[in-house]
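Data first, discussion second: the structure below is written as structure tokens.
The values are calculated or read from the model by the stated rules, or taken from the named source; none is laboratory data. All values derive from a computational prediction rather than experimental measurement. Cβ coordinates were reconstructed from backbone atoms using ideal geometry, including for glycine residues, and neighbour counts include every protein chain displayed.
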Amino acid sequence: MSTYLSPETLRELRAERGLTQAALAEKIGVTDKAVSKWETGRGLPDITLIDDLASALGCSVAELLCGEVRRNANRAANMSRCIFYVCPICGNVVVATGEGSFSCCGSTMLPQEAETPEPGSAHDFSIERVEHEWYVTAGNHPMTKQHFVSFIAYVTSDGVNLKKLYPEQLDWPRFHMTGSGWIYVYCNRHGLYRKRTPRVR
Ligand SMILES: [Fe+2]
């Protein structure tokens, strides 16, 4: 029989938190016998207790009920593994340090996989060092309202610098150089391209 709370989930969560049945019972104002019944499938907590039960177990109600608790796994903060999510409708951009789900304009933002541009193609671009800046130029690419480079980003292991571009924009961005990394160029029609910056000594 399926129930809204599985005995295994409850047992595992309580054990992970290092709580005895009595300690959990006390936190939510029931007897330890009641907790024992829930954990052996001989009874279910009253639905009005679910909020308290979830907070005593340090998880959300949704996690408790579906039995899938999200562990607090702090993602590695290496920004060079960041992911760009782009709204297919308005072009909004989210930069994430790992996979996630994002939405915009009522639509799911899709993670963009970067390709290496073919040398000399419309999506190829140049990265030139001028003193302490990278000059990025994607002059082969159209900049019309229908088809344009909508952002360029400079990514190193500790940061992302993203510059938004607009149709008919004639000047290309420069980035204050903070080390070797990647330059990403995003075309609204063809997606994401990237190249390594020259080595910084
Ligand atoms: Fe393009």
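What are the pairs with Cβ atoms under 6 angstrom where one residue, in the stretch 185-197, is on the phi > 0 side of the Ramachandran plot and the other, located anywhere, is within 14 Å of the ligand (Cβ to nearest atom) and not β-branched (Val, Ile, Thr)? Sequence gap at least six, or different chains.
Filtered contacts from the stretch 185-197: GLY191/GLN112.
Report, ordered by the first and then the second residue, all pairs with beta carbons closer than 9 Å, sequence separation of six or more or different chains, a first member in the stretch 124-150 that is within 27 Å of VAL200 (Cα to Cα), and a second member that is of a type in the set (A, V, I, L, M) and exposed (fewer than 14 other Cβ atoms within 10 Å of the Cβ).
ARG129/VAL200
Please state which one of GLU128, GLU115 is touching a Lys or Arg at 6+ places or on another chain (Cβ under 9 Å) and surrounded by fewer than 15 Cβ atoms within 10 Å (Cβ to Cβ).
GLU115
Would you check if there is a residue in the stretch 166-173 being farther than 24 Å from PRO88 by Cβ and surrounded by 15 or more Cβ atoms within 10 Å (Cβ to Cβ)?
Yes - at least one qualifying residue is present in the stretch 166-173.
Looking at the stretch 103-133, which of the residues that are outside any loop (DSSP other than H, G, I, E, B) and among the polar types (S, T, N, Q) is farthest from PRO88 (Cα to Cα)?
Out of the qualifying residues, it is SER126.
Identify, by number, the condition in (1) among the hydroxyl-bearing types (Ser, Thr, Tyr); (2) assigned to a loop (DSSP other than H, G, I, E, B); (3) touching a Lys or Arg at 6+ places or on another chain (Cβ under 6 Å); (4) within 24 Å of PRO88 (Cα to Cα) that SER180 doesn't meet.
With respect to (1) among the hydroxyl-bearing types (Ser, Thr, Tyr); (2) assigned to a loop (DSSP other than H, G, I, E, B); (3) touching a Lys or Arg at 6+ places or on another chain (Cβ under 6 Å); (4) within 24 Å of PRO88 (Cα to Cα), SER180 is out only on (4).
Would you point out which residue out of VAL136, VAL95 is within 16 Å of the ligand (Cβ to nearest atom), assigned to a strand (DSSP E or B), surrounded by 13 or more Cβ atoms within 10 Å (Cβ to Cβ) and modelled with pLDDT of 90 or more?
VAL136
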